[in-house]
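Report on the structure given below.
The values are calculated or read from the model by the stated rules, or taken from the named source; none is laboratory data. All values derive from a computational prediction rather than experimental measurement. All Cβ positions, glycine included, derive from the backbone under ideal geometry; neighbour counts span all protein chains shown. These accessible areas exclude ligands, DNA and RNA; they are computed on the full protein's heavy atoms, side chains included. Shrake-Rupley method; radii C 1.70, N 1.55, O 1.52, S 1.80 Å.
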Amino acid sequence: MYNFSPMKKPDYLRRIMEINRISLSEVDSTNNYAAKLLLEGKVPHGTVISALHQYQGRGQRSNTWESTPGQNLTASWVLHLDHSNFEKIVALNKAISLAIRNSIAHYLPKSIVKIKWPNDIFVNEKKVSGTLIETQMHADKTATLICGIGVNVHQTKFQSAKATSLFQENPNLDIALDDLMENIHQNIALYFNEWNSGNSTKIEQEYLSQLLGMNERRSFEHQGNVIEGVIIGVDEWGRLKLEAKDGILLFQAGDIVWQ
Ligand code: BTN
């Protein structure tokens with residue numbers, strides 16, 4: 001490892017994202033590990049920290065992320081940005097969802113693989129992958145993303161009936177966790193470059209084309225009430241756009257729960 005300074009390497013974003021791997025046998029959370037490394041100031045762009053066993057995996061909205069040791073991918077990618085523009089970071093979140101979605105579709109070419117807003121990956125309406133993106137804004141107006149990705153690969157027993165794994169969807173699959181990680185890395189690099197070249201419109205369109213429930217009527221729970229509406233998109237701030245009977249409603253991630 002070397003001391004990484006975004007200011008000293010202005011061209012790093014234009015190059016192929018090299019993989020810099022840190023493989024751990026166990027850790028509390030790969031996102032926490034990445035955050036600690038960043039405090040020490042030595043994490044190259046594209047670093048991937050993976051662990052066979054995460055004993056305090058974290059999910060969105062302070063949930064825990066349970067994963068049977070050795071069976072699934074639990075890994076965090078560190079991405080350095082040369083700005084901290086919120087709208088662009090929202091577009092990058094969508095690009096990362098597409099990268100993961102395409103990797104899963106690569107292994108399950110016959111399945112319907114969709115992005116459930118904001119960034120879960122669903123196969124046949126069951127969750128196969130979750131992402132926890134933590135953004136650090138720096139005083140020099142640059143930013144760093146820690147993209148923590150969990151993919152259920154070999155696990156067959158889940159607490160939730162709405163969870164699945166690649167193996168459950170296709171028992172003929174024998175996926176090495178490292179191969180999946182490299183596939184995701186390549187797709188993240190691809191979409192990161194696309195995003196970095198300013199092609200946000202293409203990313204937005206592709207994200208909507210892969211969005212679960214797009215143009216369909218769906219029900220959500222919001223502050224104890226059931227809200228029904230047609231999903232008509234996700235705006236540039238990452239809010240879900242619902243056409244409900246009283247007009248167009250916008251929701252932040254975490255404000256509503258899918259039913
Ligand atoms: C969610 O769906 O709630 C997000 C789950 C994110 C899980 C991954 S596993 C690797 C990384 N480390 C963590 O502690 N969480 C993320």
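Being away from the ligand (no atom under 16 Å from the Cβ), more than 23 Å from TYR191 (Cα to Cα), among the charged types (D, E, K, R) and free of Cβ contacts under 8 Å to residues at least 40 places away in the same chain holds for only one residue in ASP140, ASP174, and it is ASP174. Looking across the range 97-120 at every residue that is charged (D, E, K, R) and within 15 Å of the ligand (Cβ to nearest atom), the one that is farthest from ILE175 (Cα to Cα) is identified as LYS116. Taking the stated definitions as given, is ASN20 open to solvent by 40 Å² or more (accessible area, probe 1.4 Å) and under 25 Å from ASN196 (Cβ atoms)? When the stated conditions are applied, ASN20 passes them.
Number of residues in the range 116-143 that are outside any loop (DSSP other than H, G, I, E, B) and not small (Gly, Ala, Ser): the value is 15.
Once the range 221-230 is narrowed to residues that are modelled with pLDDT of 95 or more and either over 11 Å from ILE256 (Cβ atoms) or assigned by TED's automatic domain parsing to the domain that holds ALA91 (or both), the residue that is farthest from the chain's Cα centre (by Cα) is GLU228.
Condition check ((1) free of Cβ contacts under 8 Å to residues at least 60 places away in the same chain; (2) part of a loop (DSSP other than H, G, I, E, B); (3) assigned by TED's automatic domain parsing to the domain that holds ASN119) across all residues:
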| residue | (1), (2), (3) |
| --- | --- |
| ILE49 | yes, no, yes |
| ARG61 | no, no, yes |
| THR74 | no, no, yes |
| LEU79 | no, no, yes |
| SER84 | yes, yes, yes |
| ALA91 | no, no, yes |
| ILE96 | no, no, yes |
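Collect the residues in the range 123-136 that are touching a helix residue (DSSP H, G or I) at 6+ places or on another chain (Cβ under 9 Å) and at pLDDT 95 or above, keeping them in residue-number order. Matches in the range 123-136: VAL123, LYS126, VAL128, SER129, GLY130, THR131, LEU132, ILE133, GLU134, THR135, GLN136. Looking only at residues of the range 97-116 that are within 18 Å of TYR191 (Cα to Cα) and touching a Leu at 6+ places or on another chain (Cβ under 8 Å), we find that the one that is most open to solvent (accessible area, probe 1.4 Å) is LYS114. Filter the range 55-96 down to residues that are farther than 23 Å from LYS36 by Cβ, surrounded by fewer than 16 Cβ atoms within 10 Å (Cβ to Cβ) and polar (S, T, N, Q) and give me whichever is farthest from the ligand (Cβ to nearest atom). Of everything passing the filter in the range 55-96, ASN85 is farthest from the ligand (Cβ to nearest atom). Does the range 37-45 contain any residue that is touching a strand residue (DSSP E or B) at 6+ places or on another chain (Cβ under 6 Å), buried (at least 18 other Cβ atoms within 10 Å of the Cβ) and either farther than 30 Å from THR201 by Cβ or outside the structural domain of SER200 (by TED's automatic domain parsing) (or both)? Within the range 37-45 (the criterion being touching a strand residue (DSSP E or B) at 6+ places or on another chain (Cβ under 6 Å), buried (at least 18 other Cβ atoms within 10 Å of the Cβ) and either farther than 30 Å from THR201 by Cβ or outside the structural domain of SER200 (by TED's automatic domain parsing) (or both)), the answer is yes, since at least one residue qualifies. Name the single residue that is farthest from the ligand (Cβ to nearest atom) among those in the range 25-36 being open to solvent by 30 Å² or more (accessible area, probe 1.4 Å) and part of a strand (DSSP E or B). For the range 25-36, the residue satisfying everything is SER25.
Checked against (1) within 12 Å of the ligand (Cβ to nearest atom); (2) closer than 14 Å to LEU108 by Cβ; (3) surrounded by 22 or more Cβ atoms within 10 Å (Cβ to Cβ), GLY148 passes all but a single condition, namely (2).
A single entry from VAL128, VAL123, VAL153 fulfils the requirement of being within 14 Å of ARG101 (Cβ to Cβ), open to solvent by less than 60 Å² (accessible area, probe 1.4 Å) and within 13 Å of the ligand (Cβ to nearest atom): VAL128. Could we say that THR135 is assigned by TED's automatic domain parsing to the domain that holds VAL78, open to solvent by less than 10 Å² (accessible area, probe 1.4 Å) and in contact (Cβ under 8 Å) with a residue 40 or more places away in the chain here? Here the answer is no, as THR135 does not meet what is asked.
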